[in-house]
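Enquirer: One structure, pasted below without further comment.
The values are calculated or read from the model by the stated rules, or taken from the named source; none is laboratory data. All of these numbers come straight from a predicted model, not from anything done at the bench. Glycine gets a Cβ as well: all are built from the backbone with ideal geometry, and neighbour counts include every protein chain shown. Calculation scope for accessible area: heavy atoms of the full protein, side chains included, ligands and nucleic acids excluded. Shrake-Rupley method; radii C 1.70, N 1.55, O 1.52, S 1.80 Å.
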Amino acid sequence: MLRPLQPVSSAARVGLGILFFVVFVAVWAWATFGGYVTRTFLADPLTMVREGYELLVKHGFLYDIGMTIWRVVGGFVLAALVAVPLGILMGTYRAVEAFFEPFVSFARYLPASAFIPLLILWAGIGETQKLLVIFIGSVFQLILMVAVTVAGTRRDLVEAAYTLGAKDWGIIARVLIPSSAPAIAEILRLVLGWAWTYVIVAELIGSSSGIGHMIVDSQALLNTGQIIFGIIIIGLIGLVSDFLFKLANRWLFPWSLV
Amino acid sequence: MSKLVIENVSRVFPPSHKGGQPTRALEPTSLAIADNDFITILGPSGCGKSTLLRIVAGLDHATAGQVLLDGAEVKAPGPDRGMVFQSYTLFPWLTVAQNIAFGLRERGLPEAERLKIAQDWCQRVGLKGFEKHFPKQLSGGMQQRTAIARVLANNPKIMLLDEPFGALDNQTRALMQETLLEIWERERKTVMFVTHDIEESIFLASRVVVMSARPGRIKADIRVDLPYPRHYTVKTSPAFSDLKAQLTELIRVEAQTAAAH
Ligand SMILES: Nc1ncnc2c1ncn2[C@@H]1O[C@H](COP(=O)(O)OP(=O)(O)OP(=O)(O)O)[C@@H](O)[C@H]1O
Ligand SMILES: [Mg+2]
């Protein structure tokens with residue numbers, strides 16, 4: 001029975017989750033096979049699968065997938081390397097926060113995609129430009145969210161650490177960082193999802209490889225089956241990376257879940 | 001010689017909003033605590049007990065006056081004044097043993113030694129077998145036992161406790177009082193213990209300091225001459241009842257004043 005906030009069994013949870021996809025594909029098949037939508041605009045599920053198979057086998061689509069993943073991960077890791085330490089510093093020291101916060105808050109609203117023409121001028125259409133798009137798109141969000149998390153550390157834990165003899169470095173290394181670590185991991189997971197949207201946009205413009213590039217090519221050929229296959233692949237990769245993140249968090253931070 | 005000297009310490013909190021009145025949490029208060037004394041501070045809610053304890057711990061600053069520990073002025077928190085808080089403040093990412101060893105780690109003791117001391121304290125506060133548990137897996141009573149062990153493992157000069165058993169049920173609280181008393185009778189640490197429970201204040205203390213309603217002042221300072229080691233049955237002795245009646249009367253007046261505000 002449906003009751004507010006009532007938990008469901010894990011079997012029911014998996015079943016319901018799968019049910020959605022079944023319904024989705026059924027509606028799609030009904031619309032396309034039934035002739036309610038023109039072929040030109042939307043391929044049917046079977047065509048999509050066939051096109052996808054051809055992409056993988058004949059057109060080296062695996063290489064495109066690999067390129068896209070490497071760009072996302074590369075740009076995202078660079079952003080995290082800058083943002084996490086800076087965010088921790090901002091969360092810890094009010095003066096550092098006062099210095100960076102106004103700029104970062106401003107920069108956060110600059111859409112990464114709007115930088116693409118400028119970045120092409122600066123960095124060409126090579127990999128540097130792609131990495132920079134991801135970097136700009138994620139770094140400011142990461143900085144702010146990490147800073148807020150660290151600044152929100154329970155004050156009583158910090159006070160307890162001081163009365164146990166911790167000095168400033170001890171407070172940062174053994175209270176602020178470990179207490180924020182699970183939330184920071186969660187922020188990384190979230191922002192990685194956003195990074196995926198930036199990479200596709202970056203690949204739509206001035207690129208010779210990647211999932212986004214394939215999608216543009218397919219559009220020129222009116223091959224909607226390939227486009228949909230590409231989109232589904234992106235979704236699947238997102239699902240897998242999300243799952244890996246959750247697994248890693250459970251393994252790294254058992255205390256926050258027990 | 002007195003170990004801890006509180007000299008005319010007062011605390012006024014600035015107004016919380018523009019045009020508001022500042023809060024006088026603590027009137028100038030003086031108190032001397034001898035080495036190995038167990039004093040309890042008894043007073044109605046909001047009378048400045050936590051404020052006084054936080055100033056001694058160095059977590060808050062006195063508006064005027066000073067606190068001296070062994071003749072040196074207290075300016076900042078330090079491991080010589082261990083504190084057990086009213087709320088649960090174990091580090092959730094550390095196990096019981098790691099929590100107890102936190103201060104030792106900050107002091108730079110080698111891991112093997114830290115572990116040995118932590119295990120020893122686990123045993124003494126009755127947490128044997130729970131060394132590897134995380135705080136979330138413990139009951140409130142066990143969490144406070146760990147918090148007490150965490151302070152004692154650090155070997156402080158004075159131990160400050162702010163209503164550590166306030167959130168526990170009566171049976172657990174009674175057991176915790178006995179554990180704490182046992183440890184104190186063995187270690188003879190100087191203890192400052194804040195509570196609003198009259199029975200608790202008498203059972204534990206060698207001296208009960210009663211505070212008045214806000215703004216807090218010391219209203220009475222009463223020696224408890226019940227001999228140590230104390231057994232829980234002392235709670236039913238005539239001497240205990242007399243003290244209890246006396247303190248109840250004192251506190252009643254203050255509670256009424258507090259309620260009238
Ligand atoms: N940071 C603060 N800013 C402003 N006022 C404060 C602050 N801390 C405490 N006060 C005020 O000081 C007074 C004393 O507070 P304190 O916490 O010391 O009381 P207490 O005796 O410990 O009470 P309880 O038994 O309820 O814990 C209260 O009126 C409280 O509102
Ligand atoms: Mg209090």
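Enquirer: Among the strands (runs of 3 or more DSSP E) confined wholly to the stretch B:153-223, which include 3 or more residues that are under 17 Å from B:V84 (Cβ atoms)? Walk me through how you get there before you give the answer.
Expert: Details: elements: B:158-162, B:190-195, B:207-211, B:218-223.
Ranges flagged: B:158-162, B:190-195.
Enquirer: Please find, among A:F41, A:F100, the residue that is among the aromatic types (F, W, Y) and not in a helix (DSSP H, G or I).
Expert: The conditions single out A:F41.
Enquirer: So, of the residues in the stretch B:107-151 that are charged (D, E, K, R) and open to solvent by less than 80 Å² (accessible area, probe 1.4 Å), which turns out to be nearest to A:L164 (Cα to Cα)?
Expert: By that ranking, first place goes to B:R150.
Enquirer: Let me ask something else about it. In the stretch B:76-86, how many are surrounded by fewer than 22 Cβ atoms within 10 Å (Cβ to Cβ) and either more than 7 Å from every other protein chain (Cβ to nearest Cβ) or touching a residue at least 60 places away in the same chain (Cβ under 8 Å) (or both)?
Expert: 4
Enquirer: Checking the conditions here, which among A:I125, A:I65, A:I116 is closer than 15 Å to A:V199 by Cα and outside any helix (DSSP H, G or I)?
Expert: Values: A:I65 fails: outside any helix (DSSP H, G or I); A:I116 fails: outside any helix (DSSP H, G or I).
After applying the criteria, what remains is A:I125.
Enquirer: Against the conditions (1) more than 16 Å from ligand 1 (Cβ to nearest atom); (2) of a type outside the set (F, W, Y); (3) touching a Leu at 6+ places or on another chain (Cβ under 8 Å), where does B:P92 fall short? Just the number, please.
Expert: Condition (3) is where B:P92 drops out.
Enquirer: Just one of the numbered conditions (1) more than 18 Å from the chain's Cα centre (by Cα); (2) charged (D, E, K, R); (3) within 16 Å of ligand 1 (Cβ to nearest atom); (4) within 14 Å of chain A (Cβ to nearest Cβ) is not true of B:D60; which one?
Expert: With respect to (1) more than 18 Å from the chain's Cα centre (by Cα); (2) charged (D, E, K, R); (3) within 16 Å of ligand 1 (Cβ to nearest atom); (4) within 14 Å of chain A (Cβ to nearest Cβ), B:D60 is out only on (1).
Enquirer: Do any strands (runs of 3 or more DSSP E) entirely within the stretch B:1-113 hold 1 or more residues that are more than 16 Å from ligand 2 (Cβ to nearest atom) and farther than 26 Å from B:I251 by Cβ, and if so, which?
Expert: B:2-13, B:64-69, B:81-84
Enquirer: Can we say A:V49 is surrounded by fewer than 12 Cβ atoms within 10 Å (Cβ to Cβ), out of contact with any strand residue (DSSP E or B) (no Cβ under 9 Å at 6 or more places or on another chain) and either aliphatic (A, V, I, L, M) or at pLDDT 90 or above (or both)?
Expert: Values: surrounded by fewer than 12 Cβ atoms within 10 Å (Cβ to Cβ): no; out of contact with any strand residue (DSSP E or B) (no Cβ under 9 Å at 6 or more places or on another chain): yes; either aliphatic (A, V, I, L, M) or at pLDDT 90 or above (or both): yes.
Answer is no for this residue.
Enquirer: Test of understanding: among A:V199, A:V191, A:V216, A:V175, which residue is within 14 Å of another protein chain (Cβ to nearest Cβ) and either touching an Asp or Glu at 6+ places or on another chain (Cβ under 7 Å) or not acidic (D, E) (or both)?
Expert: Result of the check over A:V199, A:V191, A:V216, A:V175: A:V175.
Enquirer: Would you please name the residue that is least open to solvent (accessible area, probe 1.4 Å), looking only at residues in the stretch B:152-175 that are in contact with a Gly (Cβ under 6 Å, 6 or more places away or on another chain) and away from every other protein chain (no Cβ under 14 Å)?
Expert: So the residue we want is B:L168.
Enquirer: Out of the stretch B:1-57, which residues are small (G, A, S) and away from ligand 1 (no atom under 15 Å from the Cβ)?
Expert: Within the stretch B:1-57, B:S2, B:G19, B:S30, B:A32, B:A34 meet the criteria.
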